[in-house]
Amino acid sequence: MDHHLILRVVTQILVAPILLYGLYVQFHGDFGPGGGFQAGVIFAVGFILYGIVFGLRRLRSKFPDYVIHRLVALGVLIYAGTGIVNMALGGNFLDYNTLSVNPVQGQHWGIIAVELGVGVTVFGVMMAIYYSFAGRPPSLDDKDW
Amino acid sequence: MELILTSLLFLALVTTAVAIAMVRRLFAVVMLAGVFSLLSALLFVLMDAVDVAFTEAAVGAGISSVLMLGTIALTARSEKKPTSYSLVPLSIVVLTGIVLIYGTLDMPNFGDANSPVQTHVGPDYISRTPTDIDVPNIVTAVLASYRGFDTLGEVTVVFTAGLGVVLLISGLGRRVRRKRGDQAATTSKEANS
C-alpha cells in the first residue's frame with residue numbers, strides 16, 4: 001500500500017493511541033468495562049493495522065513468528081501459574097485470597113494477574129491467526145478487490 | 001426514546017442482514033458484516049451490557065473483518081450466482097425462525113425483576129462483591145474470580161483455536177521441513193565431497 005499516502009499518515013498517527021487504549025482497557029478492567037480479552041484484541045488490532053498498511057514483512061521483522069507463538073503459550077501459563085502459586089501458598093487453585101495478607105488485596109492482585117494472562121494469550125492468538133492468513137497469498141492489487 | 005432507538009437499530013440490523021444475503025461481491029459482504037457487528041454493539045449498549053458491546057465491537061467489527069478479508073484474498077472475490085432457485089431452504093429458514101420466535105414467548109420480559117436471572121445468583125454476586133473483592137466492575141469480579149476456572153477454560157479454548165489455525169494454514173511445517181531438507185541436502189553434499 002505504498003501509494004496510499006493518507007492511509008500511511010493516518011496509520012502512523014493512530015497506532016500509538018490504539019496500543020495505549022489497549023493497555024488502558026487491560027489495566028482498567030476492574031473499574032470500567034473491558035478486561036484482558038478486549039485489551040488483547042485491541043492491542044493486536046494496533047499491530048494488524050500497521051501490518052496491513054506497511055506490509056506484513058515489516059511487521060514480521062519486528063515481531064517474528066516464534067515470539068508470537070511463545071506469547072500464546074505464555075498467557076495460559078501466567079493464568080494457570082497464578083493458580084499454582086495459590087496452591088503453593090496453601091489455598092485452593094485460583095483462590096486469590098492467599099496472594100496477600102489482606103484477602104481483598106489478594107483478590108485485586110489475582111485478578112490483575114489472570115487478566116494479564118488472558119490479554120497476552122488473546123493478543124498472541126490474534127496475531128498468529130493474522131500472520132497465518134496474511135502470510136499465505138501473494139498480495140493483491142487494489143483493483144482485484 | 002429508548003424504544004425508538006431500539007426499533008431503529010433493529011430495523012437497520014435487519015436491513016443489513018438482508019443486504020448481506022443479496023450482495024454478491026464478497027468485499028461488500030465483509031464490510032456489511034462489520035456494520036452488522038457495530039449495530040449489534042450499539043444494541044448491547046442500549047441494553048446496558050457494555051462489556052459484551054465492547055467485545056462485539058472489537059472482535060466482530062475489528063478482527064473478524066480483517067480475517068474475512070484475508071480469507072477472501074485466499075479464495076474468491078465474488079459469490080457464484082445460484083443456478084436454480086428452490087423453495088426448500090427458504091421454507092426451512094422461515095420454519096426455524098417461527099420456532100425460535102415461539103420459543104422466546106416463554107422467556108421473561110427484558111429487564112423483568114422477577115426473572116430467574118435476577119432472583120437466583122445475580123443478587124448474591126452483587127451483594128458479595130463489595131466485601132469479597134471490592135472492584136467496581138462486578139462483571140470482572142465474576143469472570144476473573146468467582147468463575148476463574150471457567151475463564152481459564154476459555155483461555156485454553158482460545159489457545160487451542162490459535163494453535164489449530166497456526167498448524168493448519170500458517171505453512172510453518174512446510175517452512176521447517178524445507179529448512180531441514182536444505183540442511184539434509186547440504187550435509188549429504190558435504191558427505192559426497
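We did not get these values from a lab; they are worked out from the coordinates using the rules stated. Given the structure is predicted, the values throughout are model-derived calculations rather than measurements. Backbone-built Cβ (ideal geometry, glycine too); neighbour counts: all protein chains shown.
Points worth noting:
- Cβ-derived FRET efficiency at R0 56 Å, A:Asn92 paired with B:Leu5, nearest 0.05: 0.80
- Fewest-first ranking of B:His120, A:His4, A:His108, using other Cβ atoms within 10 Å as the exposure measure: B:His120, A:His4, A:His108
- Across segment A:34-46, rounded Karplus estimates of 3J(HN,Hα) from the backbone phi angles (6.51 cos²θ - 1.76 cosθ + 1.60, θ = phi - 60°) give x, x, x, 4, 5, 4, x, 5, 5, 4, 5, 4, x Hz, Gly and Pro being marked x.
- Rel. contact order, % - alpha carbon contacts under 8 angstrom, at least six apart, chain B: 13 percent
- A Förster radius of 41 Å combined with the Cβ-Cβ distance from A:Leu14 to B:Ala76 puts the calculated FRET efficiency at roughly 0.85.
- The count of lysine pairs in the protein assembly as shown that are at least 8 places apart or cross chains, and whose C-alpha atoms lie under 23 Å apart, stands at 4.
- Here the average projected area of the convex hull drawn through the C-alpha atoms of chain B stands at 19.6 nm².
- Model label zone, B:Leu95; criterion: amide N under 13 Å from point 7 Å along Cα-to-beta-carbon; scope segment B:10-31: none
- Exposure proxy ranking for B:Ser7, B:Ser170, B:Ser78, based on other Cβ atoms within 10 angstrom of each Cβ and starting from the fewest, stands as B:Ser7, B:Ser78, B:Ser170.
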